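Asks: Got a structure here, written out as structure tokens. Questions coming.
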Amino acid sequence: DLNMACTIFDQMIKKYENKGTGVEGLLYSNIITLYREMKNQPKADEWYQKLKQSGIEYLNDYLNNLK
């Protein structure tokens, strides 16, 4: 269930954000990709903006990978 996966990734981001674990970028990328697969571009865009504002390490690499 893609919606459930998005919910789980969202919960994981809340748990790990700002802790410097290195997993945040992958979580954001997965959520964005899932919303794109569900053809929910507004939610994908919303999470893309959250990713851009996150300031995580290697941010530009994650953004480039999503293009």
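Asks: Tabulate in residue order the Karplus-calculated ³J(HN,Hα) for the stretch 45-53, using 6.51 cos²θ - 1.76 cosθ + 1.60 with θ = phi - 60°, rounded to whole Hz; enter x for Gly and Pro.
Replies: Working through the residues one at a time gives 5, 4, 6, 5, 5, 4, 4, 4, 8 Hz.
Asks: Related question: I'd like the Karplus ³J(HN,Hα) series for the stretch 21-38: coefficients 6.51, -1.76, 1.60, θ = phi - 60°, whole numbers in Hz, and an x wherever there's a Gly or Pro.
Replies: Working through the residues one at a time gives 7, x, 9, 4, x, 5, 5, 4, 4, 5, 4, 4, 5, 4, 5, 5, 4, 7 Hz.
Asks: Mind putting a number on the dipole of the chain about its Cα centre? Charges go on the C-beta only, +1 for Lys and Arg and -1 for Asp and Glu, and I need it in Debye to the nearest 20.
Replies: With only Lys, Arg, Asp and Glu charged at Cβ, the dipole is about 80 debye.
Asks: To continue, here is another question. If you average the sequence gap of Cα pairs under 8 Å that are 6 or more apart and divide by the length of the chain, what percent do you get for the contact order?
Replies: With pairs under 8 Å counted, the relative contact order is 30 percent.
Asks: So, one more: Ignoring ligands, DNA and RNA, how do D45, D1, D10 rank by accessible area with a 1.4 Å probe, largest first?
Replies: D1, D45, D10
Asks: Share of the chain's accessible area from carbon and sulfur, percent, 1.4 Å?
Replies: C and S atoms contribute 49 percent here.
Asks: Could you identify which residue out of Y28, Y16, Y48 has the top mean-square fluctuation in a GNM of the chain using Cα springs shorter than 10 Å?
Replies: Y16
Asks: If eta is 1.002 mPa s and T is 20 °C, what Stokes-Einstein diffusion coefficient results for the chain, Kirkwood Rh from Cα pairs, in µm²/s?
Replies: 182 µm²/s
Asks: Averaged per residue, what accessible surface does the chain expose to a 1.4 Å probe, in Å²?
Replies: 68 Å²
The values are calculated or read from the model by the stated rules, or taken from the named source; none is laboratory data. Quick caveat, the model's predicted, so the values are computed rather than measured. Glycine gets a Cβ as well: all are built from the backbone with ideal geometry, and neighbour counts include every protein chain shown. Heavy atoms of the whole protein, side chains included, go into the accessibility calculation; ligands, DNA and RNA do not. Shrake-Rupley method; radii C 1.70, N 1.55, O 1.52, S 1.80 Å.
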